[in-house]
Amino acid sequence: MKNEPEQKPILAIETSEEICGVCLYFSDNKMFSSSIKQKNSHAEKLYEEIDFVLKISNTSINLLETIAVSAGPGSFTGLRIGMSAAKGLAFGANLPICPVPTFEALALQIAEILQDGSNFAIANKVNMEEVYFAQFKVVSNNYIFAENLRIIRFEELNLIDKNIPMFGNCRIEGMIPLSAPNPEYIAKWFKLFGAELSTADYDYLEPNYLKDFIIRGMKK
């Protein structure tokens with residue numbers, strides 16, 4: 001029996017929060033990943049990381065299946081940097097892009113460590129007063145929405161059932177400090193759910209900010 005040809009890898013980019021991460025994903029058993037946590041370094045370090053994983057894997061960008069990029073919500077600046085890099089690379093290599101919902105990729109990662117049937121929540125800061133929030137349920141090592149992604153007031157977190165594990169960056173009592181997925185889960189989400197979202201028509205593809213970007217101090 002002939003060996004089946006190896007699947008084309010996915011280049012996954014995660015820049016929605018403080019960590020700037022890249023993964024060249026072939027399968028669960030073969031991947032090359034690099035992540036850096038350094039404030040305000042995404043623009044400087046992202047291309048270095050991409051170049052690194054391509055070199056150590058001896059892979060040309062022209063051999064990729066697609067580029068999967070964390071699409072938000074999250075840091076406005078980080079999301080723009082990640083999406084812009086994905087577009088530039090995809091255009092040069094004639095590749096499609098898959099915008100991956102950041103909270104859902106993180107939910108997929110969390111679902112692997114919780115028991116089947118568990119409920120959990122993700123809460124990340126929008127600003128001092130507001131929070132991106134969603135609740136999920138683990139079903140067979142995967143997730144389903146228990147409560148859809150939305151923006152809530154910070155004080156509303158106190159009304160959430162304290163028995164439900166909460167992940168995020170809000171720095172409240174009991175919160176588990178995991179606010180963004182590892183980059184390989186951006187690729188895994190694409191493999192599971194991204195076929196219909198993958199597109200070569202990405203001129204107008206934008207991150208899901210979920211809230212208007214306001215530059216402080218600007219006046220109309």
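The values are calculated or read from the model by the stated rules, or taken from the named source; none is laboratory data. Remember, it's a predicted structure, so these values are computed and weren't measured experimentally. Positions of Cβ are backbone-derived with ideal geometry, glycine not excepted, and every protein chain shown enters the neighbour counts. The protein model used for the area step is the full one, side chains on, heavy atoms only, and it has no ligands, DNA or RNA in it. Shrake-Rupley method; radii C 1.70, N 1.55, O 1.52, S 1.80 Å.
Observations on the model:
- When segment 82-126 is filtered for residues that are open to solvent by 10 Å² or more (accessible area, probe 1.4 Å) and closer than 17 Å to P181 by Cα, the ones remaining, listed by number, are P99, P101, E104, Q109, E112, I113, L114, K125.
- Subset of segment 45-81 that is open to solvent by less than 40 Å² (accessible area, probe 1.4 Å) and in a loop (DSSP other than H, G, I, E, B) - its residue that is farthest from E196 (Cα to Cα): S57
- Breaking point among (1) under 18 Å from the mean Cα position of the chain (by Cα); (2) open to solvent by 20 Å² or more (accessible area, probe 1.4 Å); (3) not charged (D, E, K, R), for I164: (1)
- Between L157, L149, the distinction of being open to solvent by less than 60 Å² (accessible area, probe 1.4 Å) and either touching an Asp or Glu at 6+ places or on another chain (Cβ under 8 Å) or at pLDDT below 95 (or both) belongs to L157 only.
- Residue count for segment 25-44 under the criterion of being buried (at least 20 other Cβ atoms within 10 Å of the Cβ) and closer than 23 Å to T77 by Cα: the result is 1.
- Residues of segment 182-199 that are in a loop (DSSP other than H, G, I, E, B) and closer than 15 Å to L11 by Cβ: N182, G194, S198.
- Screening A146 against (1) free of Cβ contacts under 8 Å to residues at least 40 places away in the same chain; (2) outside any loop (DSSP other than H, G, I, E, B); (3) within 25 Å of V69 (Cα to Cα); (4) out of contact with any strand residue (DSSP E or B) (no Cβ under 6 Å at 6 or more places or on another chain) leaves a single unmet condition, (4).
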